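Q: Dumping the structure here so I can ask a few things about it.
The values are calculated or read from the model by the stated rules, or taken from the named source; none is laboratory data. Computed from a predicted structure; not experimentally measured. Positions of Cβ are generated from backbone atoms using ideal geometry, with glycine treated the same way; all protein chains shown enter the neighbour counts.
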Amino acid sequence: MKTLAASVAVTLALAAPGASRACSICRCGDPTFNALGKEGISLPGFKLALDWEEVSKSQGSRDDEFSSVLEHRTTLFAAWSPSDRFSLYARVPFAERGLVEIEDGGTERSNASGLADPEFSAQVRLWSSQFNGDVGIRSSIFLVGGVKTDWGENDARHEGERLDEHVQPGTGSTDWFAGISGFYQLDRRSAVFASTQYRETGRNDFGYRYGSALLLNVAYEHKLGGRWDAVIEMNYRDASYDEVDGTGTLDPNTGGSMIYATPRILFDAGQGWVLRGSAQLPLSQSGLHGLQHEEPVWNLGVTRLFGQ
């Protein structure tokens, strides 16, 4: 009971909410934990991961103005940890987006693909407990900070006309983010992980600004056997409205809060290779602003842990 109480205390402390902000395209969940798991986050050495993801959402009413976006995103993730105290991360995503717009009884379709916005971050371990028997380090807390660049394609055009903002592969803005994450090892087979992150977004050259974001995540990871692991996460995102131009005009069908449950299965294929699959399932969309609907997010990935 003491172990369980301690784990709950750590989780609640890490997940305590701050100011409510957000962004209509921000993902729920912790991408580093998704790619590396609790063990890989602080494992010294070089790590690579490749992820494929499908995201779909819509806004507006079919009786008035309606639009839906379907995105397929492939992301290469690289991590280097010279020690278990410090890590450097880089993400390079490639996005394919299709947009369907219905207005005044007419339907218009557009699509674009290209480099999305690369992201760079660093992680430093603030504190960890002493080794505890065969469990190892019982708990650790990390500080994370980084930048999402504006290097992605944000001026995709068709017949000379710039396509809608939401079909552009990149946002065209430089964003900054920071957060805290940590884990508590319950026993040799299970652990609790939690993280909180705030993302401050910038405005692109065309005046659009996606809302800033607050993300909270809590996960329980359990080893099912020698090769299989299971994870269940709760993900929360709280989002402010997008600003559609430099004057700060708001899009009423953007932002708001979302809660997801994310089951994930992992298979250790040996030699440092790990196969992953997850489904991020919306539990509550009642907090979204205006008329919006988000579909499940599907993710498949492979990770290679080289060690040191």
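Q: Need pairs with beta-carbon distance below 7 Å; first residue more than 13 Å from Ser257 (Cβ to Cβ) and within the range 281-297, second of a type in the set (Lys, Arg) and in a strand (DSSP E or B); sequence gap 6+ or separate chains.
A: Listed by first residue and then by second, the contacts come to His293/Lys57; Glu295/Lys57.
Q: Filter the range 97-135 for residues that are outside any strand (DSSP E or B) and of a type in the set (Gly, Ala, Ser); which is surrounded by the fewest Cβ atoms within 10 Å (Cβ to Cβ)?
A: Gly105
Q: Next question. Being part of a strand (DSSP E or B) and of a type in the set (S, T, N, Q) is the filter here; which residues of the range 260-305 pass it?
A: Selection gives Thr262, Ser278, Gln280, Ser284, Gln292, Asn299, Thr303.
Q: Within the range 128-155, can you find the residues that are under 24 Å from Val218 (Cβ atoms), modelled with pLDDT under 95 and not small (Gly, Ala, Ser)?
A: Asn132, Val135, Ile137, Arg138
Q: Of the residues in the range 207-248, how many are surrounded by fewer than 16 Cβ atoms within 10 Å (Cβ to Cβ) and either among the hydrophobic types (A, V, I, L, M, F, W, C) or under 26 Å from Leu275 (Cα atoms) (or both)?
A: Qualifying residue count for the region: 8.
Q: For Val100, which of the numbered conditions (1) farther than 30 Å from Asp251 by Cα; (2) over 15 Å from the mean Cα position of the chain (by Cα) fails to hold?
A: All conditions are met except number (1).
Q: Continuing with the same structure: List pairs: first residue in the range 38-61 and more than 19 Å from Leu76 (Cβ to Cβ), second residue among the acidic types (Asp, Glu) and not in a loop (DSSP other than H, G, I, E, B) anywhere in the structure, Cβ distance under 8 angstrom, at least six positions apart or on different chains.
A: These pairs meet every condition: Lys38/Glu221; Ser56/Glu71; Ser56/Glu294; Lys57/Glu294.
Q: Which of the residues that make up the range 252-275 are within 26 Å of Arg199 (Cα to Cα) and touching a helix residue (DSSP H, G or I) at 6+ places or on another chain (Cβ under 9 Å)?
A: Thr262, Arg264
Q: Please work out if His166 is of a type outside the set (S, T, N, Q) and in a helix (DSSP H, G or I).
A: For His166, the condition - of a type outside the set (S, T, N, Q) and in a helix (DSSP H, G or I) - is met.
Q: Same structure again: What is the number of the single condition among (1) surrounded by 15 or more Cβ atoms within 10 Å (Cβ to Cβ); (2) charged (D, E, K, R); (3) assigned to a strand (DSSP E or B) that Asp150 does not meet?
A: Of the numbered conditions (1) surrounded by 15 or more Cβ atoms within 10 Å (Cβ to Cβ); (2) charged (D, E, K, R); (3) assigned to a strand (DSSP E or B), the odd one out for Asp150 is (3).
Q: Somewhere in the range 10-22, is a residue under 25 Å from Ser87 (Cβ atoms) and at pLDDT 55 or above?
A: Looking through the range 10-22, none of the residues is under 25 Å from Ser87 (Cβ atoms) and at pLDDT 55 or above.
Q: Quick one: in the range 170-187, which of the residues that are at pLDDT below 95 and aromatic (Phe, Trp, Tyr) is farthest from the chain's Cα centre (by Cα)?
A: Filtering the range 170-187 for residues that are at pLDDT below 95 and aromatic (Phe, Trp, Tyr), the one farthest from the chain's Cα centre (by Cα) comes out as Tyr184.
Q: Also, I was wondering about something else. Of the conditions (1) closer than 29 Å to Ile141 by Cβ; (2) out of contact with any Lys or Arg (no Cβ under 7 Å at 6 or more places or on another chain); (3) among the hydroxyl-bearing types (Ser, Thr, Tyr), Ser240 clears all except one; give me its number.
A: (2)
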